[in-house]
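Only the coordinates and a few stated rules stand behind these numbers; no lab work does. Predicted model, so just to flag it, every value in this text is computed and none were measured. Virtual Cβ from ideal backbone geometry, glycine too; neighbours counted across all protein chains shown.
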Amino acid sequence: MNTSVAIDNQHREEAIEQAHSPISETKAIRSTSTKEKPNYELLAAQLDEIKADIKRKVGAEDAAYIRRIILVQRICEWSGRILLMLGFIQPLLWVAGVLSLATAKILDNMEIGHNVMHGQYDWMNDKHINSKGYEWDIACDGASWNRVHNYEHHTYTNIIGKDRDFGYGLLRLSNDFRWRVKNLWQFATYIVLSVLFQWGVSYHEMAAERVFFGKKKDNRKNQITHNELKKRFFSKGARQLVKDYVLFPLLAGPLFLWVFTGNLIANLLRNLWTSTIIFCGHFTGDVETFKQEDCVNETRGQWYYRQALGSSNIKGGNLFHVLTGHLSFQIEHHLFPDIPARRYREMAPKVKAVFEEHGMHYNTGGFLKQYASVLKRIIRYSFP
């Protein structure tokens with residue numbers, strides 16, 4: 001095993017172990033909320049019990065489920081690629097191919113890749129379905145995702161200055177950030193980010209580490225060199241570009257443009273879907289933020305409390321939840337990131353009951369309601 005792979009595996013393991021633990025190195029937690037705080041010790045015990053009950057059930061049924069989803073994903077991908085080349089016979093076949101390929105990419109990124117990389121299926125000891133070796137069909141390098149998202153975001157959720165996922169360094173989404181003139185057009189920035197979402201996610205760590213532009217922040221600890229970041233960024237990005245816009249179009253021969261355009265639209269649909277679901281889970285109007293000094297030595301109950309107030313769910317049917325990677329249960333995902341996501345539906349009513357007992361807001365709503373709330377927040381903080 002080479003050094004870079006060993007480092008990546010170490011980071012993946014740290015992300016899985018630490019992303020669902022209270023901050024150990026960093027007074028009682030205070031959020032932007034003025035509501036009375038819950039009994040943190042009791043809250044932790046109740047949520048731990050919910051998690052333990054579900055973990056006892058996890059087993060063969062979950063393994064069969066993820067393998068079935070992987071099979072469906074592969075069928076969607078290859079049927080989609082074939083249908084794109086049959087579009088010259090009937091344009092509707094091309095449309096079906098685009099939708100099938102987009103579905104495959106969404107399943108790969110959301111229900112499979114994201115959840116597998118969280119270590120939700122590591123207990124299977126499968127050489128392919130595990131957090132150490134899985135690489136998804138997206139421009140973002142899996143190791144980078146584990147460092148910035150699985151570890152940083154899930155450990156420091158919505159702590160300003162620690163969670164680089166809050167606004168992605170592009171959007172002002174709370175008064176914790178000083179208003180700048182560029183925020184006036186941040187709605188347009190959001191649209192561009194959504195259209196190019198896989199590239200925004202891929203470049204996120206590079207931007208945060210000031211690899212190309214800006215002065216590096218003194219309080220950042222390097223987990224990987226800038227040269228290695230650049231190498232992995234360009235390597236993964238190039239593979240994705242060659243696969244979708246060179247290799248498969250060339251294999252189609254005279255149908256090059258049909259396949260090229262179909263792949264382009266499939267990627268666009270995937271980008272728009274994933275960005276919308278992620279924003280609805282993190283940036284609705286009721287989502288709260290936290291200060292670093294107020295999260296020092298937080299207990300497990302306080303960590304749970306912060307996760308709860310920093311998340312929002314989306315109501316929907318079974319197919320909807322699968323296509324979101326069950327991130328429509330973002331509250332449960334932030335509380336229990338290493339539990340197989342398909343179990344969140346079972347956990348949600350119990351989590352909601354615990355929240356109600358403690359007077360905590362269980363932030364959920366239909367897709368249109370939550371998405372409108374996100375757009376309102378983006379527009380609201382565009383102004384001073």
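Miscellaneous remarks
- Positive-end residue of Ala341, His358, Gln292, charge dipole of the range 254-384 with Cβ unit charges: Ala341
- Using θ = phi - 60° in the Karplus curve 6.51 cos²θ - 1.76 cosθ + 1.60, the 3J(HN,Hα) couplings for the range 272-285 round to 5, 5, 5, 5, 5, 5, 5, 5, 5, x, 10, 10, 6, x Hz; x is entered for Gly and Pro.
- The slack in the chain from Asn39 to Ala372, taken as 0.36 nm per residue of separation less the alpha-carbon distance, amounts to 116.6 nm.
- Annotation for the range 94-169 versus the range 315-383: alpha-carbon center distance of 18 Å.
- Lys55-Lys230 pseudo-label distance in nm [points 7 Å out on the Cα-to-Cβ vector]: 4.3 nm
- For Thr261 and Arg74, the difference between the fully extended length at 0.36 nm per residue and the C-alpha to C-alpha distance is 65.3 nm.
- Using 0.36 nm per residue and subtracting the Cα-Cα separation, the extra length available between Ala238 and Ile191 on full extension is 14.5 nm.
- For the peptides 307-313, 146-152, the ranking by mean Cβ contacts within 10 Å, running from highest to lowest, is 307-313, 146-152.
- Legend: P(r) of the range 309-361 from all alpha carbon pair distances, 5 Å bins from 0, whole percents, reading 4, 21, 33, 25, 13, 4, 0.
- Phi-based couplings in Hz for the range 65-74 (Karplus 6.51, -1.76, 1.60; Gly and Pro marked x): 5, 5, 5, 5, 5, 4, 5, 4, 4, 5
- Calculated FRET efficiency for the pair Ala64/Glu135, C-beta based, R₀ 22 Å, to 0.05: 0.45
- Cα-centre dipole for the range 302-374 with unit charges at Cβ (Lys and Arg positive, Asp and Glu negative), debye to 20: 160 debye
- Backbone geometry of the range 84-89 corresponds, through the Karplus equation with coefficients 6.51, -1.76 and 1.60 at θ = phi - 60°, to 3J(HN,Hα) couplings of 4, 7, 9, x, 5, 6 Hz, x marking Gly and Pro.
- Pairs exceeding 21 Å between alpha-carbon atoms, taken from Lys132/Lys231; Lys291/Lys369; Lys162/Lys291; Lys105/Lys236; Lys55/Lys162: Lys291/Lys369; Lys55/Lys162.
- Within the chain, helix-based [θ] at 222 nm, where runs of 4 or more DSSP H residues each add -39,500 (n - 2.57), nearest 500: -16500 deg cm²/dmol
- Theoretical FRET efficiency, 1/(1+(r/R0)^6), r = Cβ-Cβ of Glu288 and Leu86, R0 35 Å, to 0.05: 0.10
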